[in-house]
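Structure first, then comments.
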Amino acid sequence: MSILVTGGAGFIGSHFARMLVNQSASGGQTVVLDKLTYAGNMENLREITDDLHKSGYFKFYKGDICNRELVEHVVKEDAVDTIVNFAADSHVDRSIMDAGAFIDTDMKGVYVLLEVARNQGAKKFIQISTDEVYGAIPEGSFKETDPINPRNPYAASKAGGDRLAYSYWVTYGVPVIITRACNNYGTNQYPEKLVPLFITNAIENKKLPLYGDGMQVRDWLHVKDHCEAIDFLIRHGKNGEVYNISANNEHTNIETTHLILDELKKPHSLIEHVLDREGHDRRYSLDSTKIRQLGWQPKIKYEEGIRSTVRWYLKNEDWWRKIKSGEFLEYYKRQYEHRMVSKSAK
Ligand code: NAD
Ligand code: TYD
């Protein structure tokens, strides 16, 4: 197999690329294409790039999935037969500030990849979608057959990519599989998302800006379990199907925040309830019976997964301190300053 991992320098994509390279004793090729936006980080691939003599085949291209010539070149040059599309603008709050990049990458970029897959006769196309395409659910859990109802620009652009991928299966027979996972956590996650932002703020003794009452519910999945599920679906998933991926770990944001603070032995007084996110989805919950019936199941327990993630951020301050400067600080000020009473976002 020659697998193209788009967005492979980001959080989940880099875990997936590492997993593939570690497995590639059988001769598989791993090719990463990443634009290296603010969220892309070559440090995430260092284990692979520093260790190439020991690992299997690995190649990195810096570039945009919207660039058709480049995507075509990569697919031909490395005889790519499988595309796993992680590339996306991925943060809801940034999409609320400006949806432009989300429309480009999460919709047009998917179109370009699908066109190339169609013309080059790809054997498998995995579109990494998200549970956010369903919108919020007050009780019960979403099944794959439920209607989608995205409620923020990120979710809507991902829904566009998700349904476009499906249409290429129905219309042209491109062998597409669509995955919808719930919130991921783990090492190497850019510190704009809840878990890494709160861990790193707490280490720095800064306030943790909890939106609204903090009683919103998220369904948490360890990134390694997610990557194993995707690998499993490349082998066992059925073309044209959607698969929910979840570990059934539903927790309120305040519970997750307490777990982080307790592991760090930091006071709960670091929490600051701030102005809520606009259009905030109150609860996400997925029914993942379909993939479990095929034989996949998650391995990592939520409490232990969060604790080990906290320990990684404690040990890897170099990784996140470099990120929490420059562009990040400008974003942080813009996102939080007007929401916080303490003005500690300054
Ligand atoms: P991330 O923001 O950490 O990484 C995204 C990567 O894509 C970055 O390396 C970035 O440089 C790259 N990228 C962005 N635009 C690009 C473009 N035009 N061309 C090429 N590369 C580009 O995101 P993540 O959290 O790793 O999410 C990966 C995928 O998983 C996304 O598609 C996201 O929608 C989906 N997803 C994420 C979660 C989650 O909780 N993080 C849950 C479900 C699904
Ligand atoms: P996030 O990590 O942005 O993921 P998503 O929006 O995709 O679920 O947010 C997870 C939850 O945490 C969500 O309910 C919003 C909340 N949240 C805060 O309360 N404060 C914050 O600073 C952030 C980034 C998120």
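Compute the distance from the alpha-carbon center of region 208-257 to that of region 41-97, in whole Å. Region 208-257 and region 41-97 have Cα centres separated by 22 Å.
Take region 124-194 with all the other protein chains still there, run a 1.4 Å probe, and you get 34 Å² of accessible area per residue. Using a probe of 1.4 angstrom and keeping all protein chains present, the accessible surface of region 1-108 works out to 42 square angstrom per residue.
Of all DSSP bridge pairs formed entirely within the chain, close to 5 percent run antiparallel. Roughly how tilted is helix 68-77, in degrees to the nearest 10 and between 0 and 90, from the longest Cα axis of the chain? The answer is roughly 60 degrees. Counting only alpha carbon atoms, the long axis of helix 11-23 and the longest principal axis of the chain meet at about 50°.
To the nearest 20 debye, what charge dipole does region 90-183 have about its Cα centre, counting +1 at the Cβ of each Lys and Arg and -1 at the Cβ of each Asp and Glu?
On the way: 10 positive and 11 negative charges, 76 e Å.
Computed about the Cα centre, the dipole is about 360 debye.
Can you spot the lysines whose alpha carbon is less than 23 Å from Lys290's alpha carbon? Ignore those fewer than 8 places along the same chain. In chain and number order, the partners are Lys123, Lys124, Lys143, Lys158, Lys224, Lys238, Lys299, Lys301.
Would you work out what percent of the accessible area of the chain, with all protein chains in place, is carbon or sulfur (probe 1.4 Å)?
50 percent
Net charge of the neighbourhood of Val31, taken over other residues with C-beta under 13 Å away and scored Lys/Arg +1, Asp/Glu -1, is -1.
In a shell of Cβ-Cβ distance under 12 Å around Asp98, excluding Asp98 itself, what net charge do Lys and Arg (+1) and Asp and Glu (-1) give?
So the environment of Asp98 carries a net charge of -1.
For region 110-123, the Karplus equation 6.51 cos²θ - 1.76 cosθ + 1.60, evaluated at θ = phi - 60°, returns couplings of 5, 4, 4, 4, 5, 4, 5, 4, 5, 6, 9, x, 4, 8 Hz by residue, with Gly and Pro reported as x. How would region 1-114 be classified by its alpha-carbon gyration tensor: rounded, prolate or oblate, with rounded meaning a/c under 1.5 and the a/b versus b/c comparison settling the rest? Note, shape of region 1-114 comes out oblate. Once you reduce region 148-201 and region 281-346 to the center of their Cα atoms, the two points are 15 Å from each other.
The values are calculated or read from the model by the stated rules, or taken from the named source; none is laboratory data. Owing to the predicted nature of the structure, the values given are computational and were not obtained by experimental measurement. Backbone-built Cβ (ideal geometry, glycine too); neighbour counts: all protein chains shown. Each accessible area value is taken on the protein alone, full model and side chains, heavy atoms only, with ligands, DNA and RNA left out. Shrake-Rupley method; radii C 1.70, N 1.55, O 1.52, S 1.80 Å.
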